[in-house]
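Step one of this worksheet: look at the structure below.
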Amino acid sequence: MTANIFTRNKQWIKREVTAYSFMSGYLLVFSLFIIIPVLAAVFLSFTQFNAISAPVWVGLRNYVQMFTQDIVLMQRVLPNMIQFAIFVGVFGYVFAFVLAWVLAQLTHWPRTIIAIILYSPTLTSGVVMQVIWRVMFSGDEYGYINNLLLSWGLTDQAIQFLQSPDYLMWIMIIVSIWNSMGIGFLAMLAGILNVNTELYEAGAIDGISNRFQEIIYITIPSMKPQMLFGAVMAVVNTFNVSNIGVMLSGVNPTPQYSGQLIVTHIEDYGFIRFEMGYAAALSVVLLGFVYFLSKIAFRLFRERD
């Protein structure tokens, strides 16, 4: 009996060692690039650190400063972030689903070509995006938008789109939506295409009479994993937008903080002012907020027994 127990334990240990051996590469990379940086950011958020001298422990001072003394964060960055999140996150997510549903109604080749066209902006680098959109909204008569406005007589002088607080945020929203039809959009398209067509026939028998009812009662419930993935990607992409306003305007902080987002604010304190401790505290709060919104998305679209 003792020999049998020893043999079973030996086999169990061998299976565990084999399993963890296969996982070791992923665990190593995940630890190096996710776990260790997050733990380092949490530690630095409780310190005063300028990237030159050793960190000095200050406790909760950075968090107190964030919520009580950072006027730019409260009066400019948060309102900008809310506006940006509503249009790019919520509207962009709905827009991606609508486009995916429309494409799903097309035949194979037109659908494939249009999907590639819509997905291709996510493959372009930041430099390409900067060149395209800065030329489009250039503040002289050679900018495409200004040239059209001047030629049509809608304005008598060139508009400084990328330096104006009245226009910069809306341009950022347009560019971000244009650049947001990424992997989440493709996942939703795949989900729609893989819905069992027999469900639509059964729904018609049960009284579903139009396409909108099909979407609400059949399509979305049948593709909850893809909707969840798209929602999580929308949350991450919305709050991970870093230097789009800086790339368009050419300065950080952006003109009158009109295009200042949370990640831009972190870069301002971390890499311009070298207040790494405070930048780390902002990063930790951002991480917690993204995690909170991701959990909400999970509750909305998770599969229920």
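What to note about this one:
- Boolean, I36 is closer than 30 Å to G182 by Cβ, of a type in the set (A, V, I, L, M), out of contact with any Ser or Thr (no Cβ under 6 Å at 6 or more places or on another chain) and in a helix (DSSP H, G or I): yes
- Restricting the search to helices (runs of 4 or more DSSP H) fully inside region 147-249 and requiring at least 3 residues that are closer than 21 Å to F301 by Cα and of a type in the set (S, T, N, Q) gives 224-240.
- Of all residues in region 74-99, those satisfying the criterion of being closer than 18 Å to G230 by Cα, crowded, with 17+ Cβ neighbours inside 10 Å and of a type outside the set (G, A, S) are F84, F87, V88, Y93, F97, L99.
- The single condition among (1) touching a Phe, Trp or Tyr at 6+ places or on another chain (Cβ under 7 Å); (2) closer than 28 Å to T107 by Cβ that M223 does not satisfy is (1).
- Flag if V235 is under 21 Å from I34 (Cα atoms) and touching a residue at least 24 places away in the same chain (Cβ under 8 Å): yes
- Within region 153-172, considering residues that are farther than 25 Å from M81 by Cβ and not small (G, A, S), the one farthest from the chain's Cα centre (by Cα): D156
- Checklist (1) over 22 Å from the mean Cα position of the chain (by Cα); (2) among the small types (G, A, S); (3) surrounded by fewer than 21 Cβ atoms within 10 Å (Cβ to Cβ) applied to G277, failing item: (3)
- Residue match in region 117-124 (condition: of a type in the set (V, I, T) and not in a helix (DSSP H, G or I)): yes
Conditions tested, residue by residue: (1) in a helix (DSSP H, G or I); (2) farther than 20 Å from S176 by Cβ; (3) not aliphatic (A, V, I, L, M).
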residue	(1), (2), (3)
L78	yes, no, no
I86	yes, no, no
G92	yes, no, yes
P110	yes, yes, yes
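Only the coordinates and a few stated rules stand behind these numbers; no lab work does. Just so it is clear, the model here is predicted, and its values are computed rather than measured. Note: ideal-geometry Cβ built from the backbone for every residue, glycine included; neighbour counts use all protein chains shown.
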